[in-house]
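Notes to accompany the following structure.
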Amino acid sequence: MIEFKNIKKKFGQLEVLKGIDFEVPQGKVTAVLGPNGSGKTTLIKSLLGMVFPDSGSIHLDNYRLNGKAEYRNNIGYLPQIARFPENLTARELLKMVSSVRASNNNAGELIERFKLDEYLDKKLQHLSGGTRQKINIVMALMFDADYLILDEPTTGLDPIALRILKQLIAEQKEAGKTILVTSHILNFVEEVADEVVFLLEGHIHYQGSIEKLTSTTNTEGLESAIARLMEDQHA
């Protein structure tokens, strides 16, 4: 389980996170939603130790993150934008990533599922955005991490690759992994998420199931429910 406890963060005079409290339960998929500037990226960077909150605490299964980096060995992270060394081949990149993380990995199985064999010996600079995203997913899931942080995982994926991604998320959930997802593709969120957390201007405006959200807002579908939340906030 991941716990965010009263997380606050300012950049200069800009207050980005204004007391964020929520849990990401084990064996569940929690989606963090919100428009640009809502605080999603800052929240994820705080979890990864790339940003230090001004106050509050973050816990992984009751272990309080305290600035040390060891806990990140148990996190699989898929960034929204993957920046690869362009002069490497995909095979060289995966080998390099494997060498810096002392853990068995299942890269071969993931490569087979995404049918990436024909691209492994091509320079990364010559690969399409969709193929690069598949490699990004392989790197996020290749280690048996207990926590998965997937930031906009659907970017650039074709329908077949998207179906494989959904299957992988379901398998990771079945294996008891704690999964945090961000996405602007709300029909994808409806298919994979157990709960959603909606951020707006640094505050949580909803946390719970999609069913409860649509019932509370008297709407049909997640897109309409989120739109209603935003309309009510700016009314």
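Rounded, prolate or oblate: which one fits the stretch 11-88, using the alpha carbon gyration tensor with axes a ≥ b ≥ c (rounded when a/c is under 1.5, else prolate when a/b beats b/c, else oblate)?
It comes out rounded by the Cα gyration axes.
Which angle between 0 and 90 degrees, to the nearest 10, do you get for helix 222-234 versus the longest principal axis of the chain when only C-alpha atoms count?
50
Among DSSP bridges having both ends in the chain, what percentage is antiparallel? Round to the nearest 5.
About 55 percent, rounded to the nearest 5.
Computed FRET efficiency, Cβ-Cβ of Asn87 and Lys45, R0 35 Å: what is it to the nearest 0.05?
Calculated transfer efficiency: 0.80.
For a quick check: sort Met96, Met1 by the number of other beta carbons within 10 angstrom, fewest at the front.
Going from sparsest to densest Cβ surroundings: Met96, Met1.
I need the phi-derived Karplus couplings for the stretch 201-208: 6.51 cos²θ - 1.76 cosθ + 1.60, θ = phi - 60°, integer Hz, Gly and Pro marked x.
Per-residue couplings from phi come out as 6, x, 10, 7, 9, 6, 9, x Hz.
Charges on Cβ only, +1 for Lys and Arg, -1 for Asp and Glu, centred on the Cα centroid of the chain; of Ile226, Gln172, Phe4, which one is farthest towards the dipole's positive end?
After comparing all options, I get Phe4.
Helix-only mean residue ellipticity at 222 nm, the chain, DSSP H runs n ≥ 4 weighted -39,500 (n - 2.57), per residue, nearest 500. What is it?
-10500 deg cm²/dmol
Got a sec to turn the phi values of the stretch 79-85 into Karplus ³J(HN,Hα) couplings, 6.51 cos²θ - 1.76 cosθ + 1.60 with θ = phi - 60°, whole Hz, x for Gly and Pro?
x, 4, 10, 8, 9, 9, x
Measure off 7 Å from each Cα along the Cα-to-Cβ vector at Leu14 and Met1, then give the distance between these two points in nanometres to one decimal.
Taking the two extended label points, one gets 3.4 nm.
Exposure proxy check: Leu110, Leu93 ranked by fewest other beta carbons within 10 Å?
Ascending Cβ contact count within 10 Å gives the list Leu93, Leu110.
Modelled label-to-label distance, Lys122 and Asn104, 7 Å Cα→beta-carbon offset: nm?
It works out to 3.2 nm between the two label points.
Would the stretch 122-196 count as rounded, prolate or oblate if I go by the C-alpha gyration tensor, calling it rounded below 1.5 in a/c and otherwise prolate when a/b exceeds b/c, oblate otherwise?
Oblate, because a/c is 1.5 or more while a/b does not exceed b/c.
Sorting Leu14, Leu88 on the 10 Å Cβ count, fewest up front, what's the list?
In increasing order of surrounding Cβ atoms, one gets Leu14, Leu88.
Hey, rough spin-label estimate for Asp194 and Lys166, points 7 angstrom out along Cα→Cβ, what's it come to in nanometres?
So the two model labels end up 1.9 nm from each other.
How much FRET efficiency would the formula 1/(1 + (r/R0)^6) give for Asp232 and Phe52, where r is the Cβ-Cβ distance and R0 is 41 Å, rounded to 0.05?
That pair, Asp232 with Phe52, gives E of 0.80.
Could you go through the stretch 177-189 in sequence order and give the Karplus-derived ³J(HN,Hα) for each residue, using 6.51 cos²θ - 1.76 cosθ + 1.60 with θ = phi - 60°, rounded to whole Hz, and x for Gly and Pro?
The phi angles translate into 6, 9, 10, 10, 10, 10, 6, 8, 8, 6, 5, 5, 4 Hz.
Read the figures in this text as sums done on the coordinates, not as results from a lab. Note that the structure is predicted; figures quoted are calculated from it, not measured. Positions of Cβ are generated from backbone atoms using ideal geometry, with glycine treated the same way; all protein chains shown enter the neighbour counts.
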